[in-house]
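Novice: Here it is: the structure, laid out below.
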Amino acid sequence: MTNEYSLDSTTLKQRIIAMPEDRILFRSDYPEYHTEFVGSILSELTAEGILVKIAQGIYAKPRKSRFGVVLPSVDKIVQAIATRDNAEVLPSGMTALNVLGLSTQVPMNYTYLTTGSERTIKFLLFHSSYFVTCAGFKDIEERKCQTGGITDNTTVDIKRTRQGRLNGGC
């Protein structure tokens, strides 16, 4: 699998460093390499501060601003997971009300409907931890994190639904 950031003469580490900021990476994005090797490179880049580990197998190359590191939003992470799993997701409940501007309250529990599989993801970010129930990860080790705008109790539920329901059908 080749993408626009891969060159045959570059190493995996160089490819990741050359990627643009504000990008979500998955450990499974590099099937041409052994998974343990990819994991060690991602861990090394995380230790160097180039990447941030969001959850098990999910990393972000954060955007840097004059105020510090800007992490991706929950919605961007959920959309990246949906793209990877070839599924559709739509906000539901209070999440939908907030996205549509019908409520100014930021939900503590984000809820999405998906055509993909349901799963629980525990996000790992600096000094506060929060959970995401989404398409697929369980029993992820807890790590303390510091996040922008996401509190200790934030969760995301992605619930399975039929394809037609996402497209306005019954």
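Please treat every number below as a calculation from the coordinates, not as lab data. Every value quoted in this text rests on a predicted model; they were computed, and no experiment measured them. Cβ atoms come from the backbone with ideal geometry, glycine included; neighbour counts cover every protein chain shown.
Novice: With each label point set 7 Å from Cα along the Cα-Cβ vector, what nm distance links residue 43 and residue 109?
Specialist: Each label point is offset 7 Å from its Cα along the Cβ direction, giving 3.5 nm.
Novice: For the stretch 63-110 and the stretch 21-61, write down the distance between their C-alpha centroids in whole Å.
Specialist: If you average the Cα positions of each part, the centres end up 21 Å apart.
Novice: Follow-up question, since we're still on this one. Loop-only check: which trypsin sites (Lys or Arg not before Pro) in the stretch 1-106 are DSSP coil with at most 10 other Cβ within 10 angstrom? Intermediate results must be reported in sequence, preceding the final value.
Specialist: Numbers: sites: 13, 15, 23, 27, 53, 63, 64, 66, 76, 84; in loops: 66.
When the trypsin sites (Lys or Arg not before Pro) of the stretch 1-106 are filtered for loop state and at most 10 Cβ neighbours within 10 Å, 66 remain.
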